[in-house]
Amino acid sequence: FVELMQRLSRLRSLSCLCHVLGLEEQNDTFYAILEHPEGGTLQEYLDRWGMMMTWGEAAQMLMPVMKTLELLHEAGIIHRGISASTIYRTKDGLLKLGGFGISAVRASRTELAAELFPGFSAPEQYSAVSPHGPWTDVYGMSALLYTCVTGGCPPEALIRSAARELPPPRELNETVPPRVSLAILQGLSLQPENRIQSLRDLAARVGGSES
């Protein structure tokens, strides 16, 4: 935990990150002082408006978050908790990524209580032995894209079946370009080896709002 927070504290230049403002040790326990943006979570924003976004709106809002995740991966940090509940939307409309946690709480069947996000957590997070990597965050980011442009979160990974495919985003929202719809589905592949492997690749596949 301390190592993760120290590494995050050195990334204060990333505007789409809830910054670590300090670390304190008291009573043999470390505490992180974290930025809490004014506004609310992205989930609260989506619930309040109760409607799907156009692809242009979603891209404008989420591409900076994807770039931030790409830079986090380059720094060796995997989030594992991307969801509409761990991203904050400021009063100015800027998204900030929060909800960081150590790897043991982002996988089931470990010694610590799991903190998973149904619909957003990747299948490998429901196992104590499956490896995590950038592809794990690709799943979470793809689930977030899917949620924003369809108005509904994908089913929890544990109950999804390869035999029953998700409805393509473009079938539910005609503003989603075909290439973007395909990329989102590939990012949500249940098999990590079949999934888009990096945020850089995902961002390249969905970048822009043109068809």
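The values are calculated or read from the model by the stated rules, or taken from the named source; none is laboratory data. The structure presented is a predicted model; accordingly, all values stated were derived computationally and were not measured. For accessibility, only protein heavy atoms count, side chains too; no ligands or nucleic acids. Shrake-Rupley method; radii C 1.70, N 1.55, O 1.52, S 1.80 Å.
Some values worked out for this structure:
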quantity	calculated
Degrees between helix 55-74 axis and first principal axis of the chain (Cα, 0 to 90, nearest 10)	40
Equivalent ellipsoid dimensions for region 18-134 as semi-axes, Å, which come from the Cα gyration tensor, largest first	25, 20, 14
Region 150-195 versus region 11-25: alpha-carbon centroid distance in Å	33
Stokes-Einstein D (µm²/s) once Rh is taken as the Kirkwood radius of region 27-77 over alpha-carbon pairs, at 37 °C in 0.692 mPa s	233
Residue-level accessible surface for Phe120, protein heavy atoms, 1.4 Å, Å²	20
Heavy-atom accessible area ranking, 1.4 Å probe, most first, across Glu35, Glu74, Glu171	Glu171, Glu74, Glu35
Degrees between helix 134-150 axis and first principal axis of the chain (Cα, 0 to 90, nearest 10)	50
Calculated log₁₀ intensity ratio I(q)/I(0) where the Debye formula runs over C-alpha points of region 126-200, q = 0.12, 0.17, 0.20 Å⁻¹	-0.31, -0.62, -0.85
Accessible-area order (highest first, 1.4 angstrom probe) of the listed residues Asp47, Asp137, Asp28, Asp201	Asp28, Asp47, Asp201, Asp137
Rounded accessible area of Cys18 (nearest 10 Å², 1.4 Å probe)	20
Per residue solvent-accessible surface (Å²) - the chain, probe of 1.4 Å	50
Rg ratio (alpha-carbon, reference 2.2 N^0.38 Å) - the chain	1.00
Highest-fluctuation residue, Leu46, Leu71, Leu23 considered, GNM on the chain with Cα pairs under 10 Å	Leu23
Solvent-accessible area, 1.4 Å probe, carbon plus sulfur percent, for the chain	51
